Each structure stands twice: as C-alpha cells, then as structure tokens.
Amino acid sequence: MAAAMRPSSPPYPLPPPPTCSSRLPQLRCFVGLRCSAPRVQVRRQLDAVAGIGSGARGCGGRFRAPASSASQPCYSSIVIRNDNSQNADFPRNYSKREKKPFPIPVLELRRRARQRMKEAEGKPRGPPPPPKNGLLVQRLIPEAYRVYNARISLINNLKRLMKVVPVKGCKYCGEIHVGSVGHPFRTCRGMSSDKRKGEHDWGSTFVEAVFLPVEAYHLEDRLGPRIPHDQRFEVPRIPALVELCIQAGLDLPEYPTKRRRKPIVKIGRKEFVDANEDDLPDPEPDKFKEPILEEVSDDEITPPSSPEETAALAEETLKVWETLRNGALRLMKRYSVRVCGYCPEVHIGASGHKARNCGAFKHQQRNGQHGWQAAVLDDLIPPRYVWHMPESGELQKELKIFYGQAPAVVEICIQGGAQVPEKYKATMRLDIGIPSSLKEAEMVV
C-alpha cells in the first residue's frame, strides 16, 4: 500500500532551483510609457507554478525556494518611470479680480534672503557680477541675436502658413480658432455677448492674434533712473522681446542704448557713477555681431506651393518656436523682466517704471500704479492656447470635456503637417477616446 502511494518519477529531469547571478542584470527596468501616474509598480510572476514558502533572497528580485519543492515561482518588481504625463490640465485663466501668483512664494524668497545674509556674514562684499555692474554677459550676446532672428523667422513663417491653414478670430473678443470653421463653444465675453448667448462671430484674423505683440518701454540706459509718469509718452515702446535682446547685446541702429566698457563705481546703496573710460583704446568691431533678418511685408508673402513644402515649413516653424522660447528663457535668467500682477504690462529691467497706467481691478486704490513682480516666460511670450482639432475634423459642444488644447503656433504647425512634439501631448489629450455620440458620452464613468 505504501508503494502504491509513492509518486512516480517524471520522465524528464527536473530543473535546478532558480538562483541569481551577479553577472545577470537586475530585474528592474524603466519603461518610457505615458501614463497618468508618475511611478507605477508592477508585480510580475515569472513562473507558472504556484507555491509560497520561505527561502533565500536574490539580487534584483525575491526568490523563495523551499527545500521540499523542486520548482517555485519567482517574483520581481518592475518600476515604470514617466516624465511626461499622459493628460494634463489646461493652463489656468486667472480672473481679472485676482492677482497673479508669484513665481516663487514670498516665504521662500525671505528664506533665501536670510540664508544669503547668514552666509555673507563676516565676509567682505564683492563686486556685483554682470549685468548688475553695467557690463554685458558675453556668452549671451550670440543668444540675443539668435532670439531676435528667431522672432523674425517665426513671424514670416506664420504669415506663409496662415495662407494655407485657416485661422479664425472672433470679432467681439480676442479668442481665435485654427480651422476653416470656428468652434461651437459659447465662450464669448465681448460686446453684446448676452444677446448672442455667448456665441462667437468668427472672421479672418492676422498674425498678431496668433503671436501676441507684448510691448515695453525702450531704455537707453538700463541702469538709469526709472521712467516717471510725466515722461510716459516721450519714451518709445517696442516689442518686449526685442528690448530684452537689446539689453542682452543686440545692436540696432534705430534703438540706441548705452554700452559700458568698465564696471560702475557704487557710491551708495543705490547711487553709482560710471568709471572713466578715457584710458581705454577705441572699441573694436563686435565679434559676436551676426546678420539680422528683416520682416517681410504682407504683400510679398508667398504661400507654399505643395503639401510637401507646407509640411517642411511647418516643421521649420515649430523648431523656430522652440528656439525662441528656450533662448528667451536663458536671457530671462540673467536679465530681469518684470510684469504687473494685475495687468499684462511688462517691463525689461530690474525695477518697473513709474507710469500710472494700470487699469486693472481696483486700480483706484493704487492710483494706477503697477504691482511689479518677477515675470515668467508666458508673460513675455504668451502661448495663446486654442482647441486641438480631432481626427474627425469637427468639434461638438456636448463633448467639450474630451477635447484638448495646444498653443496656437503649435496647432497651426500640426495642421500644416508637422509632427506633434512630446511636450504638448499632455494638454492635447491625444490618448483620450472621443465618444461618437452624446449617449456614448453619458456612459463614461
């Protein structure tokens, strides 16, 4: 009877218990999947045989091999990292009655100031670095020329693309839409919008509606006194991006500016005098100077002649857009840019001007003065988000929550034939399935 209960030996040899060798790579991999969670841990069973027991631990995974069993399951942990989220919220539209948040909280600014004072205690104060001492940052001079030329190239390319990619603009508000027909969403807040029940009145638009012209005062001396209120009409206003490039080293004959060759000499906390430069030789030609592009007029614009040329122009425009934003961000890290916390007014310089022309919420309590704070890149170059057209080519107002958005320049390039950049896929919501009808949309949990 005992011999009958003895298990028969298998016809094939059993494999040895699983072991871990240091020569094998660890069972941890990083997969570039776009998912909503930034880090997902997945438990994978490597063997099909079930069994739980106490055993030795291996490297890269946990192996449990009881002595009474010939083969046991092997588990490992796979960590999936994701830098680009699958779907992201749209940029927040701040109300006209609330102030813009500071890029860095005030408490953090105070903590950093205390830390700097603590580290500088008992040490001699050194000279200020450029550009605070009046000199230019030499390595950023070529960047200023690249940003200026990228701005001109972007405007010229957009004029050509808008000949073949239709862009509509509302006649009563500033909203735009990239497509042959405007979107059906009732979001108009312009004149007589209550009579139209929020519907837009679409018409043709210009490149200034896509690439917003943010202006600022031109300073002949960026370290000079602040512009008073009485001189607000005497100082010329130019595009803020151009003023940033001029202060960073761009030379334009029509906009002269003061260039110092020696650091300033401080005689007080805020007072300084220029150093004597008579002993210096005559200035040599600027070795960083590059050819400057010119903006093409609307009459000389020629549309692309073929779809292949349109796609190539769209790819080039997308690269110029990224060059412009990345270069402007590098300049803003060294040259101060200020923005009003209540209105879109931008000033290029360490301190904002004194012109009392702020007409935002409760400007009477501030006597029209601006509430200056540090600016971000979107204050200098507004991205101007628009609705992304799905593959069906039609937007339905009942399915608004399923559609994504993208900057107007990016959406024009995508409809022109360019590839979708990875950084904009989160807000475009390309991975969301759009229901075919309202009944199907109601079934979505």
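Looking only at the stretch 155-169, filter to residues that are part of a strand (DSSP E or B) and not small (Gly, Ala, Ser); which one of those is least open to solvent (accessible area, probe 1.4 Å)? Let's see the steps before the verdict.
If we filter the stretch 155-169 for residues that are part of a strand (DSSP E or B), which is where we start, we get 167-169.
Filter once more, keeping what is not small (Gly, Ala, Ser): 167-168.
Working: VAL167: 15, LYS168: 57 Å².
Taking the candidates together, the pick is VAL167.
Would you check if GLU208 is among the charged types (D, E, K, R) and part of a loop (DSSP other than H, G, I, E, B)?
Judged against the criteria, GLU208 is not a match.
Has the stretch 118-137 got any residue that is modelled with pLDDT of 70 or more and not in a loop (DSSP other than H, G, I, E, B)?
Checked against the condition, which is being modelled with pLDDT of 70 or more and not in a loop (DSSP other than H, G, I, E, B), the stretch 118-137 yields at least one hit.
Identify the residue in the stretch 334-348 that is of a type in the set (D, E, K, R) and either without any contact (Cβ under 8 Å) to a residue 24 or more places away in the chain or out of contact with any strand residue (DSSP E or B) (no Cβ under 6 Å at 6 or more places or on another chain) (or both) and, among all such residues, is least open to solvent (accessible area, probe 1.4 Å).
Only one residue tops the list, namely GLU345.
Would you check which residues across the stretch 397-414 are surrounded by fewer than 21 Cβ atoms within 10 Å (Cβ to Cβ), in a helix (DSSP H, G or I) and either of a type in the set (Asp, Glu) or in contact (Cβ under 8 Å) with a residue 24 or more places away in the chain (or both) and list them?
Residues satisfying the conditions are LYS397, GLU398, LEU399, LYS400, PHE402.
Select from the stretch 346-396 the residues that are assigned to a strand (DSSP E or B), within 21 Å of the chain's Cα centre (by Cα) and not β-branched (Val, Ile, Thr) and list them in ascending order.
Result: HIS347, GLN373, ALA374, TYR385, TRP387.
Residue-by-condition table, conditions (1) of a type in the set (S, T, N, Q); (2) open to solvent by less than 20 Å² (accessible area, probe 1.4 Å); (3) closer than 25 Å to ASP221 by Cβ:
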| site | (1), (2), (3) |
| --- | --- |
| ALA350 | no, no, yes |
| ALA355 | no, yes, yes |
| GLY359 | no, no, no |
| GLN364 | yes, no, no |
| HIS370 | no, no, yes |
| GLN373 | yes, yes, yes |
| VAL376 | no, no, no |
| ILE381 | no, yes, no |
| HIS388 | no, no, no |
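Are any residues in the stretch 276-297 at pLDDT 90 or above and over 22 Å from ILE141 (Cα atoms), and if so, which ones?
Residues of the stretch 276-297 at pLDDT 90 or above: 292-297.
Those that are at pLDDT 90 or above and over 22 Å from ILE141 (Cα atoms): VAL296, SER297.
Inside the stretch 415-440, can you point out the residues that are open to solvent by 30 Å² or more (accessible area, probe 1.4 Å) and small (Gly, Ala, Ser)?
First, pick out the residues of the stretch 415-440 that are open to solvent by 30 Å² or more (accessible area, probe 1.4 Å): 415, 417, 419-420, 422-423, 425, 429-434, 436-440.
Once the filter is applied, which keeps residues that are open to solvent by 30 Å² or more (accessible area, probe 1.4 Å) and small (Gly, Ala, Ser), the stretch 415-440 yields GLY417, GLY433, SER436, SER437.
Looking only at the stretch 275-299, count how many residues are open to solvent by 70 Å² or more (accessible area, probe 1.4 Å) and of a type outside the set (S, T, N, Q).
Residues that pass the stated criteria total 15.
One line per residue, one yes/no per condition, for (1) more than 26 Å from GLU294 (Cβ to Cβ); (2) among the basic types (Lys, Arg); (3) touching a helix residue (DSSP H, G or I) at 6+ places or on another chain (Cβ under 6 Å):
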| site | (1), (2), (3) |
| --- | --- |
| LEU107 | yes, no, no |
| LYS132 | yes, yes, no |
| VAL165 | no, no, yes |
| MET191 | yes, no, no |
| LYS195 | yes, yes, no |
| GLY198 | yes, no, no |
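Would you check if GLY174 is open to solvent by less than 70 Å² (accessible area, probe 1.4 Å), modelled with pLDDT under 95, part of a loop (DSSP other than H, G, I, E, B) and in contact with a helix residue (DSSP H, G or I) (Cβ under 8 Å, 6 or more places away or on another chain)?
Against the criterion (open to solvent by less than 70 Å² (accessible area, probe 1.4 Å), modelled with pLDDT under 95, part of a loop (DSSP other than H, G, I, E, B) and in contact with a helix residue (DSSP H, G or I) (Cβ under 8 Å, 6 or more places away or on another chain)), GLY174 qualifies.
Please state which of the following conditions GLN115 fails to meet, knowing it meets all the rest: (1) polar (S, T, N, Q); (2) at pLDDT 95 or above; (3) open to solvent by less than 80 Å² (accessible area, probe 1.4 Å).
Condition not satisfied by GLN115: (3).
Search the stretch 292-315 for residues that are of a type in the set (Val, Ile, Thr) and pair each with any residue that is part of a loop (DSSP other than H, G, I, E, B) when their beta-carbon atoms are under 6 Å apart and the residues are at least 6 apart or on different chains.
Cβ pairs passing all conditions: THR310/VAL164; THR310/PRO304; THR310/GLY417.
The values are calculated or read from the model by the stated rules, or taken from the named source; none is laboratory data. Here the structure is a predicted model, which is why all the values come from computation and not from measurement. Cβ atoms come from the backbone with ideal geometry, glycine included; neighbour counts cover every protein chain shown. Side chains included, ligands, DNA and RNA excluded: accessible areas come from the protein's heavy atoms. Shrake-Rupley method; radii C 1.70, N 1.55, O 1.52, S 1.80 Å.
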